[in-house]
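Trainee: Please read through the structure below; I'll follow up with questions.
The values are calculated or read from the model by the stated rules, or taken from the named source; none is laboratory data. This structure is a prediction, so every number in the text was calculated from the model and none was measured. Cβ placement follows ideal geometry from the backbone for every residue including glycine, while neighbour counts extend to all protein chains displayed.
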Amino acid sequence: MRIQITQGAYRYRPEGEKSAVVVRAGDPAFDLPDQEAARLVSLGVAQGAPPDAETAEIRALPADAGENPKAGQAPPDADPDPLEPRPAYSVKMTARQLRDLMDEYGVAFEDGMTKAHLVQRLDSFFDDYEEEGESGEGLPALNAEPPAL
């Protein structure tokens, strides 16, 4: 199903690709599996696009390509690469600065989250990418502890 993001940003790993891409509100329409597209539309962050709408090719580029994976229209540094060194952030930053950083990397957050929760979510995001880069598996980290009795 062809959709267009209307609010925020959506991080998506195209089928068969190792790297994720970020599609933001205002970017051209793109194709997603029907179930995922319906989920985004039901959440109110995307809308269906007509079949003849301008589309973006959603493909992650090789690390040495030096182009923006969205549509090739923005400068190469427009989408930060999560595998680059982790940016500096802490609870000493304002909540707005943390949310802006999360928007930049496509990390989801909810209104009302404390700065500590925002930093924790960023830590989790970058830890997942660092582990993925080392293992090459692309699977999330499962760091569950047994229940305390």
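Trainee: Can GLN73 be described as at pLDDT below 65 and closer than 18 Å to GLN4 by Cβ? Walk me through how you get there before you give the answer.
Mentor: Details: at pLDDT below 65: yes; closer than 18 Å to GLN4 by Cβ: yes.
Against the criterion (at pLDDT below 65 and closer than 18 Å to GLN4 by Cβ), GLN73 qualifies.
Trainee: Do we have any residue at all in the range 83-102 that's surrounded by 11 or more Cβ atoms within 10 Å (Cβ to Cβ), modelled with pLDDT of 55 or more, touching a Gly at 6+ places or on another chain (Cβ under 9 Å) and assigned to a loop (DSSP other than H, G, I, E, B)?
Mentor: Just the residues of the range 83-102 that are surrounded by 11 or more Cβ atoms within 10 Å (Cβ to Cβ), to begin with: 83, 86-87, 89, 91, 93, 95, 97-102.
Filter once more, so that each one left must be modelled with pLDDT of 55 or more: 86-87, 89, 91, 93, 95, 97-102.
Subsequent filtering for residues that are touching a Gly at 6+ places or on another chain (Cβ under 9 Å) retains none.
There is no residue in the range 83-102 that is surrounded by 11 or more Cβ atoms within 10 Å (Cβ to Cβ), modelled with pLDDT of 55 or more, touching a Gly at 6+ places or on another chain (Cβ under 9 Å) and assigned to a loop (DSSP other than H, G, I, E, B).
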